[in-house]
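Please read the structure below before turning to the comments.
The values are calculated or read from the model by the stated rules, or taken from the named source; none is laboratory data. Keep in mind that this is a model prediction, so the values were computed, not measured. Cβ atoms come from the backbone with ideal geometry, glycine included; neighbour counts cover every protein chain shown.
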Amino acid sequence: MVYSYYPGCTLKNKAQDLDRYARLSAKALGFELEEIENWQCCGGVYPMARDEIATKLSSVRALADAKAHGRDLITLCSACHNVLKQVNNDILTDEDIRTRANNYLKLDDPYMGETKVIHFLEVLRDVVGFEALKEKVTNPLTGKKIGAYYGCLLLRPSGVMDMDNPENPKIMEDFIRAIGAEPVIYPQRNECCGGYLSLEDKEAVAKRREKIAQSAAEFEAECMVTACPLCMYNLKKNDSNIPVYYFTELLAEALGVKN
Amino acid sequence: MDKREEVLRISGVNVRKCMRCGKCSGTCPSYDEMEFHPHQFVYMVETGNIEPLMNSESLYKCLSCFACVERCPRGVEPAKVVEAVRLAAIRQKGNNHLKASAVPELLDEDTPQQLLVSAFRKYSK
């Protein structure tokens, strides 16, 4: 199975591990990520204003490219996933945005929201299947207590993202079980890490970071996993000394393809 | 167009749906950083009291985490109101909150590209 793949800006730079381990794992699991040609940055945050068009066009180009190849579009970064999926929803549900975006792009085949945007975790759950994944694990992380950190963008707004229950999600916990480890459920797992505030208000983000890390520590997590490079940046140097990994790194490790 | 109309148009939000339960502010991870909280944004836009919001640092403390959007029992979507007021402010010439010249000293060796593009999209036009 070949999927169109949108890596996003950070996976080509500071979050190369998130990308690299996903590609190695996909190969081991029998599917292929084919990077979209000439993709452009999604902008990192979904433009909520109803009159914004230019800031949505890079997403529409990626969505239209996947459609032209007749493929679903896979994402890894939580932020890219959120932006692409919300913009796709705009094209599907908002005639004004659909018309204006197509007026700008003048594609040979107008884009009407046909592409399915799927997060890598959803491929593991819905295509590979967590039971089948478990059978392919050669190096189970037995006994390791892992706190899934969802943050905000994978789950919300749930009406559009439609990945899991936004208040009591389990996709990452099921993933953790599939790689042989033990999931730790803690209260702060789906509360924001402080996001882009860390550029100019590091104190506010430090408060968020310590609250999240303490919450994970209190429930005896040995480490946390995330799908988001900004969550990684904001959380990794915490006073509770809880390491943070990309979920793809632990996946590659469990599949025996990390090196 | 007056500011209230402008904000309502940009956001697409019906602020009159708010029943003032305060759940948006109760769940906001940036609550302690804000002078005006999400429920106040909704109420002040409803009553046309926009200027204090336009001039408040609170505009730049919202994390766009969608917690208030998800948890509002009335589907008001307060984050879209905050975003609309912020845009009404920074779309005016000279009002960019983040200037490119300020960025180099804000960086460290691990700063992800995602942080920069997100901040620019939120803080500048």
Exercise. Taking the residues in segment B:9-19 that are touching a helix residue (DSSP H, G or I) at 6+ places or on another chain (Cβ under 7 Å) and not small (Gly, Ala, Ser) as candidates, determine which candidate is farthest from residue B:43 (Cα to Cα).
Key: B:10
Practice problem: Tally the residues that are surrounded by fewer than 19 Cβ atoms within 10 Å (Cβ to Cβ) and either within 12 Å of another protein chain (Cβ to nearest Cβ) or touching a residue at least 40 places away in the same chain (Cβ under 8 Å) (or both), restricting the search to segment A:207-241. | Solution: 8
Quiz prompt | Criterion (surrounded by fewer than 18 Cβ atoms within 10 Å (Cβ to Cβ) and hydrophobic (A, V, I, L, M, F, W, C)) met by exactly one of B:34, B:54 | solution = B:54
Practice problem: Count, please, the residues in segment B:79-100 that happen to be charged (D, E, K, R) and in contact (Cβ under 8 Å) with a residue 60 or more places away in the chain. | Solution: 2
Practice problem: Pick out, from segment A:46-156, the strands (runs of 3 or more DSSP E) lying fully within it that include 2 or more residues that are more than 14 Å from chain B (Cβ to nearest Cβ) and farther than 19 Å from residue A:26 by Cβ. | Solution: A:145-148
Exercise. Just name the residue that is nearest to residue B:116 (Cα to Cα) out of those in segment A:186-195 that are in contact with a helix residue (DSSP H, G or I) (Cβ under 7 Å, 6 or more places away or on another chain) and more than 9 Å from every other protein chain (Cβ to nearest Cβ).
Key: A:188
Practice problem: Evaluate the following for residue B:76: is it more than 10 Å from chain A (Cβ to nearest Cβ), out of contact with any Gly (no Cβ under 7 Å at 6 or more places or on another chain), surrounded by 20 or more Cβ atoms within 10 Å (Cβ to Cβ) and in contact (Cβ under 8 Å) with a residue 24 or more places away in the chain? | Solution: yes
Quiz prompt | Count - residues of segment B:10-46 that are charged (D, E, K, R) and over 21 Å from residue A:152 (Cβ atoms) | solution = 5
Quiz item: So how many residues does segment B:19-31 have that are surrounded by fewer than 21 Cβ atoms within 10 Å (Cβ to Cβ) and either under 12 Å from the mean Cα position of the chain (by Cα) or more than 14 Å from every other protein chain (Cβ to nearest Cβ) (or both)?
Solution: 5
Quiz item: If the Cβ limit is 6 Å and pairs must be 6+ apart or interchain, which residue in segment A:156-173 that is crowded, with 16+ Cβ neighbours inside 10 Å pairs with which residue that is among the basic types (Lys, Arg) and in a loop (DSSP other than H, G, I, E, B)?
Solution: A:166/A:156
Quiz prompt | Test: residue A:198 is farther than 29 Å from residue A:27 by Cβ and either assigned to a helix (DSSP H, G or I) or within 13 Å of another protein chain (Cβ to nearest Cβ) (or both) | solution = yes
Self-check item: Residue satisfying condition, being out of contact with any helix residue (DSSP H, G or I) (no Cβ under 6 Å at 6 or more places or on another chain) and closer than 30 Å to residue A:188 by Cα, within set B:22, B:26
Solution: B:26
Quiz item: Limited to segment A:93-124, what total is found for residues that are of a type in the set (A, V, I, L, M, F, W, C) and farther than 16 Å from residue A:65 by Cα?
Solution: 5
Quiz item: So residue A:139 clears everything in (1) touching a helix residue (DSSP H, G or I) at 6+ places or on another chain (Cβ under 8 Å); (2) assigned by TED's automatic domain parsing to the domain that holds residue A:62; (3) farther than 20 Å from residue A:159 by Cα except one condition, right? Which one?
Solution: (2)
Exercise. Name the single residue, out of those in segment B:95-125 being polar (S, T, N, Q) and farther than 12 Å from residue A:198 by Cα, that is nearest to the other protein chains (Cβ to nearest Cβ).
Key: B:113
